[in-house]
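See structure below.
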Amino acid sequence: MLYIFCPHCGSRSQNEFAYGGDATVKRPELNKEISDQEWNNFVYLRKSPRGKHLELWHHISGCRQWIKVERDTSTHEIFKTYKAEELTE
Amino acid sequence: MSQDFRLDNIGMVNRNKKISFTFNGKKYFGYEGDTIASALIANGVHLVGRSFKYHRPRGFFGVGVDEPYAILQLERNNERDPNIRATEQEIFDGLEVKSVNCWPSVNFDIGAINNFLRMFFPAGFYYKTFMWPPSFWYKIYEPFIRMAAGFGEASIKHDKERYEHKYEYCDLLITGSGPSGLASAYAAAKNGARVILAEDKPRYGGSLLTSDVNIGNQTGTEWSEKIITELKSMSNVIVKNRSQVFGYYDHNMLVMSERISDHLPKTQKYLPKQRLWYIRAKEVLISSGSIERPLVFGNNDTPGVMLSSAAKEYMKVYGVLVGKKPLIFTNNDSGYETAIEFKKNGVNPLILDTRKEPSSDIITEAKNLGIEIKYSYVVVAAKGYKKVKSADIAKISENKKDLSNIENIECDCICVSGFWTPSIHLASQSGNKSEFNEKIDAFVPKKSKQKENTIGSANGKFTLEETINEAFDKGYEVSNKITENNNKVSIPTVVEKKSSEHDKFWCVPLPKGKSYKRFLDFQNDVAVTDIELALREGFRSIEHVKRYTTLGMATDQGKTSNLNGLQLVSDIENKVVPQVGHTTFRPPYTPVSIGAIVGREVGKHSKPTRKSPMHEWHKKNNAVFVDAGVWLRPRYYKQGNETLFEASKREAKNVRKNVGVCDVTTLGKIDVKGPDAAEFLNRVYTNAWLKLPVGKARYGVMLREDGIVMDDGTTTRISENHYHMTTTTAQAANVLSHLEYYLQLVWPELNVNVVSTTEQWAGAAIAGPNSRALLMKLFPNTNVSNEDLPFMGYKEADLFGIPAKIYRISFSGELAYEVNVESDYGNFMWEKIIEVGKEFQIQPYGTEALSTLRIEMGHVAGSELDGRTIPHDASLEGLVSKKKDFIGKRSLSRSAFTKPDREKIVGVVPLDKKTSIPEGSYIVKDPKAKLPNPKLGHVSASCWSVEYDNPFSLAIIKDGKNMIGQKLFAMSPLKNKTIPVEIVSSHYVDPEGKRVRA
């Protein structure tokens, strides 16, 4: 079980969190014309990297904040965690 | 009653307390503190089971977790516990155990014929022997193999025992209370660290319990007792015996199984049987010790052949002799300690040492005691079937290839020592890649990946002095990183006799003309020939060899067999062991009962049970409850001998005719607040929300980004910036997460907050033509006329002094209202509604009637919004805005969602107006078509229409809107029913929606 540092609450066990997938995916803007391909990429296509991955976790049994976790998918090492508003370019 | 093999003046069992137990139906006795193994050996019993494949007789090989043979089945309180190691299970009064894998009895076992048919059971036999003809597999081969294989039988009854879970945090977890565990725990605890020390056996001390050593001028046992007593008295230390740390998981989380009452006769009512500890440790010291390695020779699986350290422990801890004519077969000094212990207890051993001219203090001591020693000697083969009777021994040449002077000597046990294998399982589980240590011919942990260090003999340190020094240093060093107390204790001096040099010899060659079975893996019956065969057949990777031959599998996980197997593979391949590598060690280190893993989360405890504030009233009024997600909801209120069908019909009819009241507390409720709330809802829902006036409700549908309907419900504008959203009972939690995702990550610029208010409101749906009349009496000061409170209207009102909210919304399709009050007033509201409603013939109705009402109205629910449907399929396309964008809109233009014959919801009525259509039935054109019959769709929900008094179902079928009026068939292969049906509109009752607006 992972031990995840929630930037709002501190270190908590994984069972307080829900996984939320790739944190680098950006939703296309509303009312913008986009191709089928672009939309398909956004809804379905995800990379499944081995190694560093920035991903979303939802502190569902804690502060209910979505956070970003930089984790190594093969070793589970967690390098850093961020609040939702961080790392938005 | 005397015990032939019990020693009088040695051992740690309690001689004042006799305990009787039965083994295979026969009564035996032992003493408090005995294991099944020690008590049986004391009684001269060595045959306890049959082997896995060949059904060869099985005795005892080890004395603890390493035991590969003596796996028994325990029975108590009419419950079975399979896979019990006789070497670990302590006896208690009334204990009943029996052998497994033998029939009809352990003494006469039919399956032993496999031993003579073993040419048919070579490595990987199940991949080749039983392949032909293919049809035989299911009917003959598999049932036969299944009956013959496996250890024990799990009970199919509900396990009444109590198991618990516990979470614990510490600075330092130490696994094993041998010399290194004790020393490091002491050093760390004295330095102020929060320490957990776990020991899998009942007694602390590990090897100190049995070795003849001195620490700080005390015997090993005295020293360990002193340390453990002091540790137990410290508030920063948790010391646990009978506790196996069996798994090392991510981020320094380890799991430990504590056997709390496995050794007690009757479990006290609230005392758990076992407790699973989830331990998050800042640092871990693995002091799990080492396991003695067997030597490989002919028939080395005969009962009476066992590890020399086990023989010693049976004497020193249990006061039990494993034999009276022992043969010690060793390649190192450890065998001498056992021999000396035998001698001290009046038994003359014979030592066969594979080494030519070894010398050390302990060898000198053995010689001085007059123990007979033969150097460069080996055991060629054990003789005897159910117990060792003699052994063929021989002199071995210097190159260890040739045998000479073969002779047979009498003996009743053979104690083997092939040196020691560090238990690196936990380190390996943590991600530590081990390295091969040439000096000890075994793998040791290398570089830590997580915060762990391995110490003592688990780290390949086989002298006590090294062990103690390393443990004190590590205990201090690791704890000081955390506490920074700089409090260092002094290290005691150590006296030990044995040296640690061993002979690299491990497998006795076969004498000319003999083909003895030489076993490597004792639990899985893997012999030298099996490995040889696997390699001949082309298996190279050690992982493949393992799976093909079953070497190192099952409950044993290769504790005794692993290294000898690797040695053999590398010998055949002309490689060295590190090139071959070892297989992956996986948790659990020892078997863990499923009960312990599940803990208290059994049956009704597996998830919380939520009850509405009106629950007690429902109970008092004969409600029959149903699980709705985590909620308990009344399904129907039983009157007299009514069936579910009769009751739900009565309740639904009463709603259509008079008025009914339904507990709708379980609906998900979310408060949406903030200046951008309207804009947010406009993006979340498919329909338009910007112009919803205050005091009005609107029905909305929300999609996932892939266009599939996620949930539906009504949302009411309570005030300018405050909306009250309702969700379905099942989706409440998901919808909240969904909203939070968009607010926090996608549109953080929106100034909106959401919070669940499900628990804050109790809700009652009042539905039926009499509902307004009832409302007028409930709220005499509020104008509830159709003009003042129209359909989809909202009002705050006063219910006999209690603030209430009235939403004019309807799921039943009747004139209806939902009244909400704060949860604490829920029961008050409910009782008032029932009381005042009497004159209007009110009846409460449950979920079954609720379903009936919504189905015949064609209102969709979870069975239609099943994660596969888009708004069109549920006839909700009218709610999809063409003007604005919203979550999932872009997906709706995908070709599969826009094709002309896209599935759509319809109503289904049986032609005979009598036969109910099972939910899940297929709708087909021709019931006799060739299989697979092309299906048009499926029946999602069925009810008995109370309006028309005939069955009615909803179905989602291809090209639904053009199918209305067609005669088709509903087929249920499950119920073996084919029903001719007519397709009708899904709005079966009141299609214009006049009633809700009345």
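Using a probe of 1.4 Å, the accessible surface attributed to B:Thr550 totals some 20 Å² when neighbouring protein chains are kept in position.
Between A and B, roughly 2400 Å² of accessible area is buried in total, ligands, DNA and RNA not counted and the probe set to 1.4 Å. Shown in residue order for the range B:845-854 are the 3J(HN,Hα) couplings computed by the Karplus curve 6.51 cos²θ - 1.76 cosθ + 1.60 at θ = phi - 60°: 10, x, 5, 5, 5, 4, 5, 3, 5, 6 Hz (x for Gly and Pro). Measuring how big the range B:294-418 is from its alpha-carbon positions, Rg and Dmax come out at 13.3, 40 Å. For the range B:887-998, the spread of Cα positions along the three principal axes, ordered from largest to smallest, is 48, 42, 22 Å.
Scanning residues 5 or more positions from B:Lys449 or on other chains, those with amide H under 5 Å from its amide H are B:Asn432, with H placed 1.01 Å from N in the peptide plane. For the range B:249-397, the relative contact order is 18 percent, taking Cα pairs closer than 8 Å that sit 6 or more residues apart in sequence and dividing their mean separation by the residue count.
Given their separation in residues at 0.36 nm each and the Cα-Cα distance between them, B:Asn933 and B:Thr915 gain 4.3 nm when the chain is fully extended.
Using the Kirkwood radius over C-alpha pairs as Rh, can you work out the diffusion coefficient of chain B via Stokes-Einstein at 4 °C, viscosity 1.567 mPa s, in µm² per second? In µm²/s, the coefficient rounds to 38. Principal axis extents of the C-alpha atoms in the range B:896-942 (largest first, rounded to whole Å): 36, 26, 16.
Cross-link pairs exceeding 30 Å in C-alpha to C-alpha distance, out of B:Lys389/B:Lys559; B:Lys316/B:Lys386; B:Lys657/B:Lys777; B:Lys27/B:Lys559, comprise B:Lys27/B:Lys559. Estimated from helices alone, the mean residue ellipticity of chain B at 222 nm is -6000 deg cm²/dmol (sum of -39500 (n - 2.57) over DSSP H runs with n ≥ 4, per residue).
A drop of at least 40 square angstrom in accessible area, chain alone versus all protein chains together, probe 1.4 Å. Which residues of the range B:227-268 meet that? Buried by the other chains: B:Asp250, B:His251. How many angstrom separate the Cα center of the range B:413-433 from the Cα center of the range A:1-30? Cα centroid to Cα centroid, the span is 39 Å. Amide hydrogen proximity for B:Gly937: with H placed 1.01 Å from N in the peptide plane, the residues at 5 or more positions away or on another chain lying under 5 Å are B:Ile923, B:Lys958. Among B:Phe21, A:Phe42, the sequence by solvent-accessible area, most first, with a 1.4 Å probe is A:Phe42, B:Phe21. Rg and Dmax, both from the Cα atoms of the range B:765-834 and both in Å, are 11.0, 32.
Burial of accessible area (probe 1.4 Å, heavy atoms of protein chains only) in the range B:685-711, relative to its chain alone, reaches at least 50 Å² for B:Glu705. Approximating the spin labels as points 7 Å out from Cα along Cα→Cβ, the B:Glu839-to-B:Ile406 distance works out to 11.0 nm. The string of couplings for the range B:576-592 from the Karplus curve (6.51, -1.76, 1.60, θ = phi - 60°) is 9, 3, x, 6, 6, x, 10, 6, 6, 8, 10, x, x, 5, 10, x, 10 Hz, one whole number per residue in order, with x for Gly and Pro.
Once backbone amide H atoms are built at 1.01 Å from N, B:Val526 has B:Leu520, B:Asp521 as its partners under 5 Å, excluding neighbours fewer than 5 places away on the same chain. Straight-line cross-link reach from B:Lys805 at under 17 Å between alpha-carbon atoms covers these aspartates and glutamates, not counting any fewer than eight positions away in the same chain: B:Asp663, B:Asp671, B:Glu720, B:Glu759, B:Asp788, B:Glu796, B:Glu818, B:Glu822, B:Asp824, B:Glu831.
Over 19 Å between C-alpha atoms is what I'm after, so list which of B:Lys269/B:Lys611; B:Lys190/B:Lys497; B:Lys240/B:Lys273; B:Lys201/B:Lys312 land there.
B:Lys269/B:Lys611; B:Lys190/B:Lys497
Note on B:Trp761: accessible area is roughly 50 Å² with a 1.4 Å probe, heavy atoms of protein only. The tail of the calculated P(r) for the range B:396-506, taken as Cα-Cα distances beyond 16 Å, holds 72 percent of the pairs.
Computed with a 1.4 Å probe over protein heavy atoms only, the accessible area of B:Asp361 comes to about 100 Å². Backbone phi angles across the range A:47-61, fed through the Karplus curve with coefficients 6.51, -1.76 and 1.60 (θ = phi - 60°), yield HN-Hα couplings of 7, 10, x, 9, x, 5, 8, 8, 9, 9, 9, 10, 7, 6, 9 Hz in residue order; Gly and Pro are listed as x.
Summed over the residues of chain B and divided among them, the accessible surface reaches 41 Å² per residue at a probe radius of 1.4 Å. Protein heavy-atom surface of the range B:176-251, 1.4 angstrom probe: 44% of the accessible area is carbon and sulfur, with nucleic acids and ligands not counted. Burial of accessible area (probe 1.4 Å, heavy atoms of protein chains only) in the range A:1-20, relative to its chain alone, reaches at least 40 Å² for A:Met1, A:Tyr3. Divide the volume of the convex hull around the Cα atoms of the protein assembly as shown by the residue count and you get 221 Å³ per residue. Extents of the range B:627-724, largest first, come to 55, 32, 21 Å (Cα atoms, principal axes, whole angstrom).
How high is the relative contact order of chain B, in percent, with contacts defined as C-alpha pairs under 8 Å that are six or more residues apart?
Relative contact order of chain B: 9 percent.
The values are calculated or read from the model by the stated rules, or taken from the named source; none is laboratory data. This structure is a prediction, so every number in the text was calculated from the model and none was measured. Every residue, glycine as well, gets a Cβ built from its backbone with ideal geometry; the counts of neighbours run over all protein chains shown. When the accessible area is computed, the model is the full protein with side chains, heavy atoms only, and any ligands, DNA or RNA have been set aside. Shrake-Rupley method; radii C 1.70, N 1.55, O 1.52, S 1.80 Å.
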